[in-house]
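To start, the structure under review is shown below, and the notes come after it.
Any read-out appearing in this document is the output of simple, stated calculations on the displayed coordinates, not a laboratory observation. Just so we're clear, the structure is a prediction, and the values are computed from it rather than from any experiment. Glycine also receives a Cβ, built like all others from the backbone with ideal geometry; neighbour counts cover every protein chain displayed.
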Amino acid sequence: MVAAAMDRMMAGMMVKPSGNVDRDFVTMMLPHHQGAIDMAVAELRYGHNEQLKRIAQEIIIDQQQEIAAMKLAIGQPLPPSTPAPTQGGDHHSPMEH
């Protein structure tokens with residue numbers, strides 16, 4: 001589960017530079033932040049340590065906020081609102097769909 005999230009993150013960060021440093025920064029950082037979210041979701045679903053689960057919840061919130069801020073900074077639209085990965089009965093991360 002965590003290995004798959006890491007693989008997706010690393011693949012997503014492999015981008016050819018466009019010459020626009022700001023856009024390239026965001027393009028490479030988005031999969032990095034999404035990878036952190038995916039790993040935190042795995043901790044929430046399968047972990048047993050309550051302290052780590054609380055940290056995972058904070059990571060999800062922080063990373064989602066940073067993704068939104070970076071997209072707005074370069075003029076990209078935000079995706080439609082969806083339930084947080086910790087809500088609902090779905091047992092797959094958003095990246096697995």
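So what are the ³J(HN,Hα) numbers for the range 69-79, from phi and the Karplus equation (6.51, -1.76, 1.60; θ = phi - 60°), rounded to whole Hz, Gly and Pro as x?
Per-residue couplings from phi come out as 5, 5, 4, 5, 5, 9, x, 7, x, 7, x Hz.
Can you list the residues of the range 57-78 with backbone N under 18 Å from a point 7 Å past the Cα of Arg45, pointing along Cα to Cβ?
Residues 57-61, 64 fall inside that zone.
What ³J(HN,Hα) values, in whole Hz, does the Karplus curve 6.51 cos²θ - 1.76 cosθ + 1.60 give for the range 45-50 when θ = phi - 60°, with x put for Gly and Pro?
Values per residue, Gly and Pro as x: 7, 10, x, 10, 7, 5 Hz.
Residue by residue through the range 24-29, what is 3J(HN,Hα) from phi via Karplus (6.51 cos²θ - 1.76 cosθ + 1.60, θ = phi - 60°)? Round to whole Hz and write x for glycine and proline.
5, 4, 5, 4, 7, 6
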